[in-house]
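Trainee: Sending over a structure as structure tokens; questions will come in a sec.
No value in this document is a laboratory result; all are computed from the given coordinates. Predicted model only: the values in this text are computed from it and were never measured. Neighbour counts run over all protein chains shown; Cβ positions are idealised from the backbone, glycine included.
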Amino acid sequence: MTSTFANPLKVVVLSGAGISAESGLSTFRGAGGLWQQHRFEDLASPEGFARDPQLVLDFYNQRRRDAWAAEPNAAHRALARLESTHEVVVITQNVDALHERAGSTRVLHVHGELAYARGQREGDHRVRLDDRPIALGDLCPRGSQLRPDVVWFGENVRFLDEARDHLRGAAKVLVVGTSLSVWPVAGLVHEAPDAAEKVLVALEVDSPPPRFEFLRDLASEAVPGLVDRWQAEARR
């Protein structure tokens, strides 16, 4: 039978905070999340950074230290392993580098990355940090103060057009660790073809999107088995 997909082995993964939480990282919106402890207007907006840049830098420096102290879990590692049999694109809302550290090679960070800093002006260059902190007075090559290269409230989400294109060509879609409550990224699930195999792995979803197999489970428990199944099918 002829496949309806240009690449029947293309898998697109949409990941959220739940997968990183299993590596010990705090979520932003979940129960006990960071936005229940802090005002996002103070810590995740250009206006907050203008008011108190040291406060914002301290907050993200701690997030960066936490992210680099964490280790990829079984779900991250399984998705990296899937690349041995499939074309895999990970679209992540997470700002840590756990997917890459597990071995995934195609990762779109729609909300930015803690591993980088950038200047405050449009077009300022990115600077690779990895686990290093940003200090007040650290400047980008064009002379403006470095800030975390993450998407703050009021700023544009990244790679949306590219993400839509990948989803429209996916033969399999895995949504993992997200409540699908953050827009516009949550709307990406509706871009997947009707004929694609679609799986949602999460703990806190009240109403799964149509035509998704829903596994109410931890990512580290469900994803390795799912990857094993897909790889066994591909090798037949």
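Trainee: What are the GluC sites (Glu not before Pro) within the stretch 79-188 that DSSP puts in a loop, where the Cβ has at most 15 other Cβ atoms within 10 Å?
Mentor: E122, E155
Trainee: Check which residues have an amide H placed less than 5 Å from R106's amide H, if you skip close sequence neighbours.
Mentor: Those lying under 5 Å, H to H, from R106 are V90.
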